[in-house]
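Let me begin by presenting the structure, written as structure tokens, before commenting on it.
The values are calculated or read from the model by the stated rules, or taken from the named source; none is laboratory data. Computed from a prediction, not measured in an experiment: that's the story for all the values here. We place every Cβ from the backbone using ideal geometry, glycine too, and count neighbours over all the protein chains shown.
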């Protein structure tokens, strides 16, 4: 019966959300592999997802939990691992006695510099594949889509989020 259902399945529509998701996943996997190959064996896509929310000058842990849009426990677990690896440190927040500041260590800042270099290498690879003009047009289009997020009313944005999660 399963084979019969598989044979009768219609092809999924080819849409921009799917293409963006595939491209994003491919970029993330390439970036994480290059980071590990550069000597950052602690680097993973999950950790990268958290590190992307930490400015180079650091941030309050509470703000990081809000930015990461995940559970406090998940953020805590990722921070524990990154702290154990010597990538981040948590310090008392002088403005809030119960709060913590999260900031990069020297090892973390070195990883960020390597990451910047790797990102440029990946972009050069993309330019080699699609050409400078198409890459520039892609970047312009992505910036325009990102800028347009602020134009979407909150209820419409929530509906879009629900729709994208079901796809």
message: farther than 19 Å from residue 90 by Cα and without any contact (Cβ under 8 Å) to a residue 40 or more places away in the chain: is that true of residue 48 in this structure?
response: no
field: Complete set of residues in the stretch 27-65 that are more than 15 Å from the chain's Cα centre (by Cα), under 17 Å from residue 105 (Cα atoms) and part of a helix (DSSP H, G or I)
entry: 61
query: For residues in the stretch 66-93 being touching a helix residue (DSSP H, G or I) at 6+ places or on another chain (Cβ under 7 Å) and in a loop (DSSP other than H, G, I, E, B), which is surrounded by the fewest Cβ atoms within 10 Å (Cβ to Cβ)?
result: 86
task: Would you check which residues across the stretch 43-65 are farther than 19 Å from residue 29 by Cα and surrounded by 14 or more Cβ atoms within 10 Å (Cβ to Cβ) and list them?
output: 54, 58, 59, 60, 61, 62, 63, 64, 65
- prompt: Which of the following residues is farther than 22 Å from residue 63 by Cα and modelled with pLDDT of 90 or more: 116, 151, 80?
  reply: 116
Those residues of the stretch 12-22 which are in a helix (DSSP H, G or I) and exposed (fewer than 13 other Cβ atoms within 10 Å of the Cβ), in sequence order: 16, 17, 18, 19, 22
